[in-house]
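Just so you know, all these numbers are worked out from the coordinates, no wet-lab data involved. Computed from a prediction, not measured in an experiment: that's the story for all the values here. Every residue, glycine as well, gets a Cβ built from its backbone with ideal geometry; the counts of neighbours run over all protein chains shown.
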Amino acid sequence: MFNRRTAILGTLASGLAAPALAQTAPPRIGSGTPVAGLPEPDETIDLWPKGAPGKIGPTIIETVEERSKEAALTDRAVHGITRPRLVVFRPRIPNGSAVLVTPGGGYVRVVIDKEGYEIGRWLAARGYTVFVLFYRLPGEGWAAGPNVALADAQRAMRIIRARAGDYGIMPDRVAAMGFSAGGHVAADLATRFAASVYAPVDAGDRLSARPDVAALIYAVQSMTPVLAHPGSRDLLIGPGASAALAAAHSTANNVSATTPPCFLVHAEDDPVVKVENSVEFRAACKRAGVPVETHLFTNGGHGFGLRRALGKPAEAWPELFTTWARTQGLS
């Protein structure tokens, strides 16, 4: 029987266990700490013990780029991911809940700092155990095509549940949180968690991939030409995709009564991902009877995360999320 006591004991025991098999290091540039006093995470979990399935086409090389021009404010992004993995942020005192974070990047890259590590540190400081997912990109030649990031997200959710005792978390208190194109990954997971998109590799794959709640932050949702973020659409389903394929990968069309409660955040003035993406998804939740909390801010633009929301009403969204999450049984 798994309960809070065994979860806590599992966390304590994990510090005494023999070292695990070597895991792929987090994506990084060099071996130093980019910002003094801000430690880089080191704990990772490879998703696929025998390597990610289904690589086709040219070989790709994982590459990390620094996009910031400020030495004290990193803004790294990674592409060419061949070893998808989780980077773990452990809280000092776990509250028993976990968050799987899928950063954005328009499906051309995965953002490391502003939609990954920054929210990871913020949530961990409040007791959440955070797993930032570096997922494969659909335009980089994978057999699963538009389902490749979903496969990684499903596998990640199952690994988190399989190892819940090691991290002091409850397997029925795991949220998914995604930003921009990573919001599409999280929404895909929330609506298509049971879709068969990869062959099981171990006993963990018998566990549910359904998140207990989903937080979709200025998320790409629609793949229809009218609402889609063009770059994400082209990389996910191709520029010449049929209307049927676009509909199949528009997350609002896949909302059902089994979709978990959802928390939506968007800015009305978002110039990149139209706010109607979230409005359409909310309407689908209402039709299906899925509890949904929606926050639409007048000002904020796109990609505000934590740092770009400062001084704006959108700055409140993380606290609004944790308050809402408590009403859903996460604390």
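Values computed for the structure shown
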{"quantity": "Over the chain, relative contact order from alpha-carbon pairs under 8 Å, at least 6 apart, %", "calculated": "15 percent"}
{"quantity": "Prolate/oblate/rounded label for segment 127-222 (Cα gyration tensor, a/c 1.5)", "calculated": "oblate"}
{"quantity": "Packing rank of 157-170, 315-328, where each peptide gets the mean count of other beta carbons within 10 Å, highest leading", "calculated": "157-170, 315-328"}
{"quantity": "Sorted peptide list for 261-272, 97-108, criterion being average Cβ within 10 angstrom, highest first", "calculated": "97-108, 261-272"}
{"quantity": "Phi-based couplings in Hz for segment 240-253 (Karplus 6.51, -1.76, 1.60; Gly and Pro marked x)", "calculated": "x, 4, 6, 4, 5, 5, 4, 5, 5, 10, 8, 5, 4, 5"}
{"quantity": "Kyte-Doolittle mean at least 0.0, axial Cα span of 20 Å or more - DSSP H helices of the chain", "calculated": "148-162"}
{"quantity": "Most to least packed among 274-280, 298-304 [average Cβ atoms within 10 Å]", "calculated": "274-280, 298-304"}
{"quantity": "Cβ-placed point charges (K, R +1; D, E -1), dipole of the chain about Cα centre in debye, nearest 20", "calculated": "700 debye"}
{"quantity": "Unit charges on C-beta of K, R, D, E only; dipole of segment 231-331, Debye", "calculated": "160 debye"}
{"quantity": "Cα gyration tensor shape of segment 95-172, rounded if a/c is under 1.5, else prolate or oblate by comparing a/b with b/c", "calculated": "oblate"}
{"quantity": "Cα-based equivalent ellipsoid of segment 263-331: semi-axis lengths in Å, sorted from largest, via gyration tensor", "calculated": "21, 18, 7"}
{"quantity": "Distance from segment 52-98 to segment 246-266 (C-alpha centre basis), Å", "calculated": "25 Å"}
{"quantity": "Longest to shortest principal axis, alpha-carbon extents of segment 200-331, angstrom", "calculated": "41, 38, 31"}
{"quantity": "Mean ellipticity per residue at 222 nm, deg cm²/dmol - from DSSP H runs of n ≥ 4 across the chain, formula -39500 (n - 2.57)", "calculated": "-7500 deg cm²/dmol"}
{"quantity": "Label point distance in nm, Arg121-Val201, each placed 7 Å from Cα along Cα→Cβ", "calculated": "3.0 nm"}
